[in-house]
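Values in this text are rule-based calculations from the coordinates and carry no lab data. Just so we're clear, the structure is a prediction, and the values are computed from it rather than from any experiment. Cβ placement follows ideal geometry from the backbone for every residue including glycine, while neighbour counts extend to all protein chains displayed.
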């Protein structure tokens, strides 16, 4: 009896092994799944590597999809089915342009194999290309080149004086001097050196004196330039900054007694309107603090939007209305307009209100 049971078990095992062996499967076997390019030069162009694989299964292997983790990596692959025991490839190219430093990218491969996803990786380090004059001074004004044509002081306290620089270069074969026009009282500009020799670097020293600005909020000015005594001031640089009140010297008691600004809402959605429609909305501003609330400034993000408070001074417990108008003429599509309110509330001195919606033609 035991002998009969043993024979049965033996035949069942043989049949099971034959069934498993006969099961039609494709299988992908890579020579390697990781490649390090080492150090590559940015100016050398794309670096390429072929990941080769073998179909170790018993039916044709099909690469269904290959996806890279970023647009800097481009994959190509065998499009035809790979027969058993034959080889295929995944070609991966990495573009190092404007990507200095160490990198590691993944490539996800999907095929008609068990556990269908395989992940390949490439890595290396991009050595940045040497910078030339056009890289260092991308703004071309002809007589001079600049590192930038705008400078933002971002936030500046109402008593602060801040300075910053824009670097310049004289590409000419003769010296150049720079004159300025339309300089507001709160800005000063100085060229160093005053006369820039040929093929020489210098800089514009720009100073923002917030006390001379005279008011609060965002300020942007265009300062025009001419060269060597020319009368035409065609080239301009933009200088901006937001002047804010300095609350750093307030005592704890003064902070507790300070005004507190609150709004009934900070966003209005006009949904969809026809082009040419004028949207009006009234924001209600309340003073929940213990001292008088002062609306220092109300500015808007474009000329199509305007806003003006009924009162700029609000007693404790009082309210005022801020009437805002949006003119949709020539404003097709989605809209997101900002109204910036600056007050003497130490905690929320700057508040952004928004008008959003879609303008249909």
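A few notes on this one:
- A straight chain from residue 72 to residue 95 at 0.36 nm per residue would run longer than the Cα-Cα distance by 7.8 nm.
- Label separation (residue 301 vs residue 336): 0.6 nm, computed from points 7 Å beyond Cα along the C-beta direction.
- Inter-centroid distance (Cα atoms) of region 202-243 relative to region 63-141, Å: 45 Å
- Principal-axis tilt of helix 2-22 within the chain, Cα atoms, nearest 10 degrees: 50 degrees
- Rel. contact order, % - alpha carbon contacts under 8 angstrom, at least six apart, region 252-360: 35 percent
- Hypothetical label at residue 162: residues of region 203-230 whose amide nitrogen lies under 18 Å (7 Å Cα-Cβ projection): 204-223
- Sites residue 85 and residue 32, calculated FRET efficiency, Cβ-Cβ separation with R0 22 Å, nearest 0.05: 0.70
- Residue separation of residue 119 and residue 49 scaled by 0.36 nm, minus their Cα-Cα distance, works out to 23.7 nm of gained length.
- Note on region 25-127: antiparallel DSSP beta bridges, both residues inside, total approximately 85 percent of the bridges counted.
- The tail of the calculated P(r) for region 25-127, taken as Cα-Cα distances beyond 15 Å, holds 60 percent of the pairs.
- Ranked for footprinting exposure by Cβ neighbours inside 10 Å, fewest first, 137, 53 give 137, 53.
- Relative contact order (percent, whole number), the chain, Cα cutoff 8 Å, 6+ residue spacing: 11 percent
- Applying Stokes-Einstein at 25 °C and 0.890 mPa s to the Kirkwood radius of the chain, computed over alpha-carbon pairs, gives a translational diffusion coefficient of 88 µm² s⁻¹.
- The chain, helix-only ellipticity at 222 nm - DSSP H runs n ≥ 4, -39,500 (n - 2.57), divided by all residues, nearest 500: -2500 deg cm²/dmol
- Within region 252-360, percent of DSSP bridges classed antiparallel, to nearest 5: 85 percent
- FRET efficiency for residue 192 and residue 56, using Cβ-Cβ distance with R0 set to 56 Å, rounded to 0.05: 0.20
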